[in-house]
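Bear in mind that the values in this text are calculations on the coordinates, not laboratory data. Everything quoted here is computed from the prediction, not taken from an experiment. Glycine also receives a Cβ, built like all others from the backbone with ideal geometry; neighbour counts cover every protein chain displayed.
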Amino acid sequence: MKIYLIALSLTLLSASPLLAQQYKAAQSSTTFYSSTPLEDIKATNKQGTALFNGETGALAFRIPIKGFSFRKSLMQQHFNENYMESDKYPNATFEGKLTGYDLGSQGTHDVEADGHLTIHGVTQRVKIPGKLILDNQGVTMTSKFKVKLEDYDISIPKVVFLNIAEVIDVDLNYQFKEM
C-alpha cells in the first residue's frame, strides 16, 4: 500500500504545473572577448549546459573549458594549457537564482542572476545582469558581463601581458526548452 501511495504521489507531482516550469538549455553560446591595443582574442563555446526552474528561479550553468574554439589553434592550446589549466579545472560553473521575471508575461524582462561563479577552481559571489526573453519560440536568456582574471587566479605571463586584457567580456545566449 505504501508503494502505491508513493507511486501515486510521484505521478500527481509530475503532472503539477510547478514541474512544468523546469527548463533545460537546448542551444547555447558562450563567447569571451579580450581586446588590447596589440591583439583581439575571441573564443566561442557551444557546449554549455544549463537548467532553470521557472517557479523558484534556481539557475545553474556548466561550461566545459575545452569547448572554447579560437581562430588560431595555438591560442586554443595556450588557453587550455597555460592559462585555464583545463585538465585540472575542466568546467566553469554558475549556481544561483534568477530574479526580475514573470513567466506569465511574454516579452523581454531585465533580470539579475545572483549566485556563485566558479572559474579556474575559484568561486566568487556575483550578480550578473541579463535579459530573459519569453516568446512563442520559448525561453531565451542573454547576458553581457565582465570577468576580472585576477579574481579567479588566472595569471598572464609578462611576455604576453600586453596581448591579453586583464578584464574579459563574456556574452551568453542560451535557448531553453521545457523538460
Report task. Give, as a single signed number, the net charge of other residues whose beta carbon lies under 13 Å from the beta carbon of TYR23, with Lys and Arg counted +1 and Asp and Glu -1. Result -> 0
Requested in this report: Within segment 120-179, list the chymotrypsin sites (Phe, Trp or Tyr not before Pro) lying in a DSSP loop whose Cβ has at most 16 other Cβ atoms in a 10 Å radius.
Outcome: PHE161
Query raised in the report: Against the longest alpha carbon principal axis of the chain, how many degrees, from 0 to 90 and to the nearest 10, is the axis of helix 2-14 turned?
Result: 60
Requested in this report: Could you tell me the largest-minus-smallest coordinate of the C-alpha atoms of segment 32-179 on each of the three principal axes, in descending order and whole angstroms?
Outcome: 53, 26, 24
**Report entry** Local electrostatic count, LEU98, Cβ distance below 9 Å [Lys/Arg +1, Asp/Glu -1]
**Finding:** -1
Report task. Among PRO64, PRO157, PRO129, determine the one that fluctuates most according to a GNM of the chain built with springs between C-alpha atoms less than 10 Å apart. Result -> PRO157
Report summary line: In deg cm²/dmol, rounded to the nearest 500, the helical mean residue ellipticity at 222 nm of the chain, built from -39500 (n - 2.57) for every DSSP H run of length 4 or more, is -3500 deg cm²/dmol
**Report entry** Separation in nanometres of the label points that stand 7 Å from Cα toward Cβ, at GLN76 and THR118
**Finding:** 2.6
**Report entry** Extension gain, SER155 back to THR36 (0.36 nm per residue minus Cα-Cα distance, nm)
**Finding:** 41.2 nm
**Report entry** Label-point separation in nm, THR108 to ASN91, each point 7 Å along Cα→Cβ
**Finding:** 3.1
**Report entry** Kirkwood Rh in Å, taken over all unlike Cα pairs in segment 113-179
**Finding:** 14.1
Query raised in the report: What is the dipole size for the chain, taken about its Cα centre, with +1 at each Lys and Arg Cβ and -1 at each Asp and Glu Cβ, in debye to the nearest 20?
Result: 360
Query - Ranked VAL167, VAL147, criterion: other C-beta atoms within 10 Å, fewest first - result: VAL167, VAL147
**Report entry** Whole-Hz ³J(HN,Hα) from phi, Karplus 6.51 cos²θ - 1.76 cosθ + 1.60, for segment 96-104, glycine and proline x
**Finding:** x, 9, 9, 10, x, 10, 9, 5, x
Query raised in the report: What does the charge count near GLN47 come to, summing +1 for each Lys or Arg and -1 for each Asp or Glu among other residues with Cβ under 11 Å from its Cβ?
Result: +3
